[in-house]
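The values are calculated or read from the model by the stated rules, or taken from the named source; none is laboratory data. Model, not experiment: these values are computed from the prediction. Using ideal geometry, Cβ is built from the backbone for each residue, glycine included, and neighbour counts are taken over all protein chains shown.
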Amino acid sequence: MPSKVLETCSQKTHFPEKENPIVIDLSSYRTPNRHARAVSISIFAISVFLTTIFIASCGDEGDIVEEETSSMTEVLQPTTTPPVTQPPVPEEIPAVVEEPVEEPVVEEPVVEEPKVSFNADILPILAERCAIAGCHAAPGVVGLNLSQYDTFKNGGNSGPGFVAGDGKGSLVVKRIDGGGMPPGGPPLNGDQIQLFIDWINEGAENN
């Protein structure tokens, strides 16, 4: 059976013989394959080289992005302002209050007004207006002699002429201040009467 098929196939595929048969040189097909392999290797090498550069560049860009990101993070992070420290307030030193020095009180000497003098102030009035003849000179009317201190103090029939310390209550003041003495002339003025009162109030001394 197979031999028949081969015969049939050879009969059907039989080509008429030609004078110039076509000869195919297989060497021409080998050369393009070598060139194609060389080109493929070159392209592969270039691709590997470019891929390496791309990866390297991506790594650098990643570093740059990380640096930019970190810098942006630092910028975006709020800066904390340190608290303002107030300078220490100096302690107030209490002022030293000096107590006023009390100066010793110097008592001014009391200048006593000069006392009324019997011999300088009272006796001249008595000698001029009272101790005259026919009145109260020695021996004196009603026993009252006003020419001397002792007889004046002792008084006459009506009692002592004065009481020391009681000027207005003394007998002599009552007589010369509205009592009609001395008679026969103008009465003593107010200053003269006041001299008798002051002298008696001051002690009625024989000064």
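If I filter the range 159-170 for residues that are within 18 Å of Asn206 (Cβ to Cβ) and part of a helix (DSSP H, G or I), do I get at least one hit? Scanning the range 159-170, I find no residue that is within 18 Å of Asn206 (Cβ to Cβ) and part of a helix (DSSP H, G or I), so the answer is no. Within the range 86-132, the only residue that satisfies the criterion of being of a type in the set (Gly, Ala, Ser) and modelled with pLDDT under 80 is Ala95.
Across the range 120-144, the number of residues qualifying as hydrophobic (A, V, I, L, M, F, W, C), touching a residue at least 40 places away in the same chain (Cβ under 8 Å) and either within 19 Å of Asn206 (Cβ to Cβ) or surrounded by fewer than 15 Cβ atoms within 10 Å (Cβ to Cβ) (or both) comes to 3.
Every residue, every condition in (1) outside any loop (DSSP other than H, G, I, E, B); (2) small (Gly, Ala, Ser); (3) closer than 30 Å to Thr151 by Cβ, yes or no:
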| position | (1), (2), (3) |
| --- | --- |
| Gln86 | no, no, no |
| Glu112 | no, no, yes |
| Lys115 | no, no, yes |
| Ile122 | yes, no, yes |
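Residues in the range 170-186 that are surrounded by 16 or more Cβ atoms within 10 Å (Cβ to Cβ), over 19 Å from Asn154 (Cβ atoms) and without any contact (Cβ under 8 Å) to a residue 40 or more places away in the chain: Asp177 alone.
Ser117 passes every criterion in (1) within 20 Å of Pro182 (Cβ to Cβ); (2) surrounded by 10 or more Cβ atoms within 10 Å (Cβ to Cβ) apart from (1).
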